[in-house]
Amino acid sequence: MDLIHDVLNILVPPIALICLILFYPSYLVYKFISYTKRSLTKEDVRGKVVLITGASSGIGEYIAYEYAKRGARLALAARREDRLLAVADRALKLGSLDVMVIRSDVTKVEDCKFLIDKAVNHFGQLDHLVNNAGVAQHALLEHINQITDFVPIMDTNFWGSAYCTYFAVPHLRKTRGKIVVIASTSSWSPTPGLNFYNASKAAQVSLFETIRTEFGGGIGVTIVLPGVIESEMANRKMLIQTGLDVLPIESTGRCAKAIVNSACRGDMYLTEPYWVGVGFLLKLLCPEVLEWTYHLHFVKNLWKLS
């Protein structure tokens, strides 16, 4: 058996490289044609039902406004009901046909079942689920006093989206609906100080890539990888503390518009803004350079502020 692996170690890499050289140009042509077709036939969401978690502020709030402009019916979920009511009011003025708010905490499995059931009972269907709820904390591992303080990151970012999806899938099957996952470029970026946030987003991406494969096209899954986007989470203080203030911030409205366009096209992935995806290529081709650069900039900055 070990001999088989020795032979495969020698044969597989060059064969894979040859196949890549031969077939990748054709694949790129296919990707271009597919993107063009999806752009010309993108989904009209007028009258469709969209449930958005974490809709009280930031990206979730502006995604609600973008769907509202297109005439979608909205179920808005978050913990801050007063903020949700304000978002709902503006969404109605922007063109949403109907908006309901559901106070809920996605870290609680019973809340996730409740919000899916309530939305479906009210509207009679579910077409898009936007898993947006997320939290972040930042600290170098050696600076953490109580490691259990970081448990809510995984509970919200990973389990919150998993719970909601689990209960939504039977309803999305009926409408051949879509799931939009607001992950992060942090899923591949080893940004120091955002250790557990990065891990939660990597787990989230892995989960939804896997269930997208399981669905086989029966339910669309668009995984969104935002960079630094204007929000409560990415406030000026946090950006300075983590060293991310060197990057330009994209407006929440621009990001939300790109996300809804991508979901309506049925894209598999969206990196927003597109240029930050170069970092993933750098990690893939020369990870040592990426980690060395990050260590020099971010760790030095975090130690200085500690």
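The values are calculated or read from the model by the stated rules, or taken from the named source; none is laboratory data. Quick caveat, the model's predicted, so the values are computed rather than measured. Neighbour counts run over all protein chains shown; Cβ positions are idealised from the backbone, glycine included. Calculation scope for accessible area: heavy atoms of the full protein, side chains included, ligands and nucleic acids excluded. Shrake-Rupley method; radii C 1.70, N 1.55, O 1.52, S 1.80 Å.
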Note to self: Being polar (S, T, N, Q), at pLDDT 95 or above and part of a helix (DSSP H, G or I) is true for just one of 222, 210. Which residue is that?
What the structure shows: 210
Notebook entry, point to check: So which residues in the range 189-204 are open to solvent by 30 Å² or more (accessible area, probe 1.4 Å) and not small (Gly, Ala, Ser)?
Noted result: 190, 195, 196
Notebook entry, point to check: Can you name the residue in the range 267-285 that is more than 16 Å from residue 190 (Cβ to Cβ) and either at pLDDT below 90 or out of contact with any strand residue (DSSP E or B) (no Cβ under 8 Å at 6 or more places or on another chain) (or both) and, of all such residues, is least open to solvent (accessible area, probe 1.4 Å)?
Noted result: 275
Notebook entry, point to check: Out of all the residues in the range 35-59, which are over 16 Å from residue 125 (Cβ atoms) and either assigned to a helix (DSSP H, G or I) or hydrophobic (A, V, I, L, M, F, W, C) (or both)?
Noted result: 35, 36, 37, 38, 39, 40, 55, 58, 59
Checklist line | Residue check, residue 83 among the basic types (Lys, Arg), out of contact with any strand residue (DSSP E or B) (no Cβ under 8 Å at 6 or more places or on another chain) and closer than 24 Å to residue 152 by Cβ | finding: yes
Checklist line | Residues that are acidic (Asp, Glu) and open to solvent by 100 Å² or more (accessible area, probe 1.4 Å), drawn from the range 1-19 | finding: 2
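Search the range 20-71 for residues being aromatic (Phe, Trp, Tyr) and within 14 Å of residue 90 (Cβ to Cβ), and hand back the single one that is surrounded by the fewest Cβ atoms within 10 Å (Cβ to Cβ).
The first filter runs over the range 20-71 and keeps only residues aromatic (Phe, Trp, Tyr), leaving 23-24, 27, 30, 32, 35, 62, 65, 67.
Those left that are additionally within 14 Å of residue 90 (Cβ to Cβ): 62, 65, 67.
Details: 62: 24, 65: 22, 67: 30.
Looking at residues that are aromatic (Phe, Trp, Tyr) and within 14 Å of residue 90 (Cβ to Cβ), I get 65.
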Next item on the list: Being more than 12 Å from the chain's Cα centre (by Cα) and either more than 24 Å from residue 45 (Cβ to Cβ) or open to solvent by less than 40 Å² (accessible area, probe 1.4 Å) (or both) is the filter here, so list the residues in the range 205-228 that pass it.
Entry: 210, 211, 212, 213, 214, 215, 218, 219, 220, 228
Notebook entry, point to check: Since residue 153 meets every condition but one in (1) touching a helix residue (DSSP H, G or I) at 6+ places or on another chain (Cβ under 6 Å); (2) closer than 27 Å to residue 299 by Cβ; (3) free of Cβ contacts under 8 Å to residues at least 40 places away in the same chain, which condition does it not meet?
Noted result: (3)
Notebook entry, point to check: Residue check: is residue 125 out of contact with any Asp or Glu (no Cβ under 9 Å at 6 or more places or on another chain), open to solvent by 20 Å² or more (accessible area, probe 1.4 Å) and within 18 Å of residue 220 (Cβ to Cβ)?
Noted result: yes
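Output the residues belonging to the range 254-266 that are open to solvent by 10 Å² or more (accessible area, probe 1.4 Å) and either of a type in the set (D, E, K, R) or in a helix (DSSP H, G or I) (or both).
254, 257, 258, 261, 265
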Checklist line | Members of the range 72-87 that are buried (at least 21 other Cβ atoms within 10 Å of the Cβ) and in a helix (DSSP H, G or I) | finding: 84, 87
Notebook entry, point to check: surrounded by 15 or more Cβ atoms within 10 Å (Cβ to Cβ) and closer than 21 Å to residue 212 by Cα: does that describe residue 162?
Noted result: yes
Margin query: Checking residue 147 against (1) surrounded by fewer than 19 Cβ atoms within 10 Å (Cβ to Cβ); (2) among the hydrophobic types (A, V, I, L, M, F, W, C); (3) at pLDDT 95 or above, only one condition comes out false. Which one?
Written below: (3)
